[in-house]
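Student: What follows is a single structure, and I will ask about it in a moment.
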Amino acid sequence: MSAGEPGRLRRLNRDSRLVKGARLVREWLPGDERYGDPLSTGGRRPSEVAGRQLSELTVESPGVVRELGLGAVQVWQALAEAQGRGRGEVELAIVFTDLSGFSTWALDKGDTVAVNFLRDVGEALEPPLTDRGGTIVKRLGDGLMAVFADPQAAVTAVLEASESVGSLDHDGYRPRLRAGIHVGHPRRLGADYLGVDVNVAARLVDAAAPGEVLASNTVLARIDPERVQTKRKRWFRAKGTPDGLRVFSLKPAP
């Protein structure tokens with residue numbers, strides 16, 4: 001290689017026309033044409049790790065090599081998802097939880113007490129979920145998001161978690177867990193899940209009363225009705241939820 005060859009290669013790599021062409025190629029490739037951003041590479045799967053590392057290594061030197069490299073990982077990710085590991089093709093039970101009244105209590109008690117108490121809540125809340133096959137997607141302050149392959153396991157786990165959390169007591173504060181459960185086909189993006197079905201589950205937890213577990217009709221259609229008590233929430237209304245959504249309050253069967 002001549003002395004001037006590396007310089008010419010660097011100029012070619014950064015040529016705006018070639019970079020634009022590489023990005024156009026990515027638009028035609030299968031998968032997410034914007035693959036490589038933090039949202040799409042936040043998971044632990046091999047393609048996500050590779051995409052994250054490539055993105056980090058080339059963030060200071062955007063060019064043709066970066067775009068073509070990310071395009072290759074984009075296709076890899078798309079092929080993996082086409083085998084049933086993402087992009088909304090897999091049916092999942094989506095769970096959101098939070099603690100009723102926690103924010104007000106935490107403001108009074110201060111950060112140190114609140115954080116220590118959240119650790120106790122995590123120890124009471126998470127094992128029932130993970131022991132029954134749930135995956136914790138993210139923790140949201142005093143709540144979390146989880147997904148289950150089995151809706152029956154999701155319902156059983158959430159009811160157990162609600163009872164476990166309800167048994168805690170911190171100087172007279174008894175936390176009451178609220179939860180929302182919905183079955184759908186969320187789109188996996190990195191380590192997170194997005195889409196209308198995720199929004200529905202989030203709306204359910206927002207509408208739940210202290211200590212209440214709300215589930216959609218898609219959940220009830222997939223579980224044993226003899227294992228839970230249900231009550232229809234006829235006046236449920238929430239922005240961004242699909243027509244025909246029916247919501248039920250769940251309790252353990254006697």
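The values are calculated or read from the model by the stated rules, or taken from the named source; none is laboratory data. Not measured: the values here are computed from a predicted model. Heads up: the accessible areas ignore ligands, DNA and RNA and are worked out on the full protein's heavy atoms, side chains in. Shrake-Rupley method; radii C 1.70, N 1.55, O 1.52, S 1.80 Å.
Student: In the full protein assembly as shown, how much of E89 is accessible to a 1.4 Å probe, in Å² to the nearest 10?
Tutor: So the heavy atoms of E89 present about 110 Å² to solvent.
Student: For segment 91-136, what size does the Cα cloud have along each of its three principal axes, sorted from largest down, in whole Å?
Tutor: That gives 41, 17, 11 Å along the principal axes, largest extent first.
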